[in-house]
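First the structure, in the form of structure tokens, and then the observations on it.
The values are calculated or read from the model by the stated rules, or taken from the named source; none is laboratory data. Fair warning: this is a prediction, and the values are worked out from it, not measured in the lab. Backbone-built Cβ (ideal geometry, glycine too); neighbour counts: all protein chains shown.
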Amino acid sequence: MKMNKVILKKISVLIPCYNEEENVVQIAAAVSNEMETNLPNYDYEIVFIDNDSKDSTRPLIREVCRRNPKVKAIFNVKNFGQFNSPYYGLQQTTGNCTILMCCDFQDPVEMIPLLVKEWEKGAKIVSCIKTKSKENPIMRFFRTFYYKIIKKMSSIEQIEHFTGFGLYDKSFIDVLKNLDDPTPFLRGIVAELGYKRVSIEYTQAKRRAGKTKNNFMSLFEAAMLSFTSYTKVGMHLVTIIGFILAILSTLVGLVYLVLKLIYWDRFSAGIMPMMIGLFFLNAVELVFIGLVGEYVMSVNTRIMKRPLVIEEERINFESEKSPTE
């Protein structure tokens, strides 16, 4: 008599990394221990997607993959940014659901069973909302301010303090695959297209080791991608203020002309008001040209249809071929 083989549900854990030599071995061990101890009735895989690290991250990942076949790795040929690499990695996982978490332990590993529990109750997306954080309070303030502004400006309800950490059902991963978006902003996509979504609050811890890879430019890039992808207020603002300034400039010009005709001696050398007005209008123009440029760059990037990433190597994906081969 043949025994029916029990097919376990598979949980994928995707961990994007860049220069995380102090964390990759520890996070792999922590996730494996959490899965084997608290979720023994599930199969699992851990997928690292490395964005061309310059330290010892890759050799360490190779060693972890050698010791544990459930750990897989994708190495990118270069750094494709903080958004493309995780988004691409989500599409390469093979589980019934995928948990996306950072490599620095700011996303608590012990929350994995809680995410799976909500998924088993029927949720297709479980988004983790950091209601408290042990990060720099000044940075926390600016992040909160940013979320409030985007939420007010966007026609789509945005999820405050959601970094992407959470669980995504395979059906939603399939939605991401079909979007064909070369500049994906996962947080916005979840807010716009996410369905059967539940939220779980948590306290974000400090980095366990290493330095944050976020700097002013990376944060500015994130803000601009969100702004140009999910708000129209910038373009509306340009048009409205342009009309207002045009009307004010015309009125000021007419008033100045009348006064100059009446009081010729006083206004014949009155070049200073004109210079001030000229500099003001030029400054406004430069600001709005830059804003329009951000929208144009966003559109241009989407039209070019460049690949999200280009792979250099895959490890422990058995006989699977890289989609970029």
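Could you tell me which residue of segment 99-125 is nearest to residue 7 (Cα to Cα), considering only residues that are of a type outside the set (A, V, I, L, M) and not in a loop (DSSP other than H, G, I, E, B)?
Step by step, filter segment 99-125, then rank; the result is 120.
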Report task. Scan segment 183-207 for residues that are of a type in the set (Ser, Thr, Tyr) and at pLDDT below 85 and jot them down. Result -> 183
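Being of a type in the set (Ser, Thr, Tyr) and surrounded by 13 or more Cβ atoms within 10 Å (Cβ to Cβ) is the filter; apply it to segment 177-210 and report the residue that is farthest from residue 128 (Cα to Cα).
In this case the residue turns out to be 183.
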Query - Scan of segment 86-110 for residues that are among the polar types (S, T, N, Q) and surrounded by 23 or more Cβ atoms within 10 Å (Cβ to Cβ), ordered by number - result: 93, 98
Query - Within segment 32-73, tally of residues that are over 18 Å from residue 315 (Cα atoms), in contact with a helix residue (DSSP H, G or I) (Cβ under 8 Å, 6 or more places away or on another chain) and not acidic (Asp, Glu) - result: 4
